[in-house]
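Colleague: Okay, handing you the structure first.
The values are calculated or read from the model by the stated rules, or taken from the named source; none is laboratory data. If you're wondering where the values come from, they're calculated on a predicted model, not measured in any experiment. Cβ: placed from backbone, ideal geometry, glycine included. Neighbour counts: every protein chain shown. What goes into the accessible areas is simple: the full protein's heavy atoms, side chains included, and nothing from ligands, DNA or RNA. Shrake-Rupley method; radii C 1.70, N 1.55, O 1.52, S 1.80 Å.
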Amino acid sequence: MTLDKAILDRHASRWFTPTPVPAVALREALALASHAPSNSNIQPWRLFVVTGSALDRLKDELVTASSAGVAPAIPPLPPAFQHFRSELGQQVYGEGWGVARGDAEGRRAALLRNFVFFGAPVGVLACIDRSLTKADVVSLGMYLQTFLLALTERGIGSCVEVSVAGYPDVISRSLEPWVHIPAELEIVAGIAVGYEDKSLHINHIRAGRVSIEDTVTFLQ
């Protein structure tokens, strides 16, 4: 697979098969991602790769929190950017999952799929030290993109989930029997990893992209 193809093929997979992801493939993708650039080469990414009973418990706790009406602690988008979320929501919930407008129960069920990592057998928590700056969050982003492309090249799907990061206390508590997540680490995003279920329409949804004329200014 060429780099161009991996970039174009990568997309958000929103439901997975239970097929396990080979540990060797996961480690290869993580090793490639470690070559991403970072500010002063500090390599600020810290990941927790969760599978098995630990992931089962994490999913249960996240669903319980969301079902209880506890909203994820995620800052709202500024008004100028909210239309992107609305447009994506129409694609994902309406076209992808077939949830009719006004179907509150159907939308709630679709929303809860976020918190079971869309059925993925691997859940990744991407973290960074709270004392670092915006430049270092950029470094984490470059690392994660490299990771996702390496997974794509191996035929493995993924979905980055900001919503999961909105429950840091739930995550820390549910994983405490396995690992202590230090207080100085901020959970930036969750990533569902696995083999997508290609039979579902949701996995054939592709979000649109604005043109480079809308995002890039060329100066001569």
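Colleague: With a sphere of radius 13 Å drawn around the Cβ of GLU153, what net charge do the other residues whose Cβ falls strictly inside it have (Lys, Arg +1; Asp, Glu -1)?
Modeller: 0
Colleague: Using the per-residue mean of other Cβ atoms lying within 10 Å as a proxy for protection, in what order, highest first, do the peptides 133-139, 25-31 fall?
Modeller: Ranking the peptides 133-139, 25-31 by packing returns 25-31, 133-139.
Colleague: What is the mean projected area of the alpha carbon convex hull for the range 2-129, to one decimal in square nanometres?
Modeller: 10.9 nm²
Colleague: Here is a follow-up. For the range 171-201 and the range 62-101, what is the separation of their Cα centres, given in Å?
Modeller: First find each Cα centre; the distance between them is then 19 Å.
Colleague: Cα extents of the range 112-191 along the three principal axes, largest first, in whole Å?
Modeller: 35, 31, 22
Colleague: For the range 1-94, with all protein chains present and a 1.4 Å probe, just round the carbon and sulfur fraction of the accessible area to a whole percent.
Modeller: C and S atoms contribute 60 percent here.
Colleague: Taking only the alpha-carbon atoms of the range 30-98, what semi-axes of the equivalent ellipsoid follow from 5 times the gyration tensor eigenvalues under a square root, in whole Å, largest first?
Modeller: 29, 23, 15
Colleague: Right, next: What FRET efficiency comes out for the pair PHE81/THR133, r = Cβ-Cβ distance, R0 = 25 Å, nearest 0.05?
Modeller: Calculated value: 0.70.
Colleague: For the range 63-220, just the Cα atoms, rotate onto the principal axes and tell me the three extents in Å, largest first.
Modeller: 52, 43, 37
Colleague: Another one. Rounded to the nearest 20 debye, what is the charge dipole size of the range 83-124 about its Cα centre when +1 sits on each Lys and Arg Cβ and -1 on each Asp and Glu Cβ?
Modeller: Its charge dipole is roughly 100 debye.
Colleague: With a 1.4 Å probe and all protein chains left in place, how much accessible area per residue does the range 101-149 have, in Å²?
Modeller: 47 Å²
Colleague: Setting aside same-chain residues fewer than 8 positions from LYS59, which lysines have a Cα under 30 Å from its Cα?
Modeller: Within the straight-line limit of under 30 Å, LYS59 reaches these lysines: LYS134, LYS198.
Colleague: Let me ask something else. Between beta-carbons, use under 13 Å as the cut-off and find the net charge around PHE117, counting Lys and Arg +1, Asp and Glu -1.
Modeller: -1
Colleague: Follow-up question, since we're still on this one. Which length gain, in nm to one decimal place, applies between ALA183 and GLN90 when the Cα-Cα distance is subtracted from 0.36 nm times their residue separation?
Modeller: Length gained, ALA183 through GLN90: 29.8 nm.
Colleague: Calculate what fraction, in whole %, of the accessible area of the range 131-220 sits on carbon and sulfur atoms when a 1.4 Å probe is rolled over the protein chains.
Modeller: In the range 131-220, the share of accessible area belonging to carbon and sulfur is 59 percent.
Colleague: Determine ³J(HN,Hα), in whole Hz, for all residues of the range 150-165 in sequence, where each value follows from phi through the Karplus function 6.51 cos²θ - 1.76 cosθ + 1.60 and θ = phi - 60°; x replaces Gly and Pro.
Modeller: Running phi through 6.51 cos²θ - 1.76 cosθ + 1.60 with θ = phi - 60° gives 5, 5, 4, 4, 9, x, 10, x, 7, 8, 7, 10, 6, 4, 4, 5 Hz.
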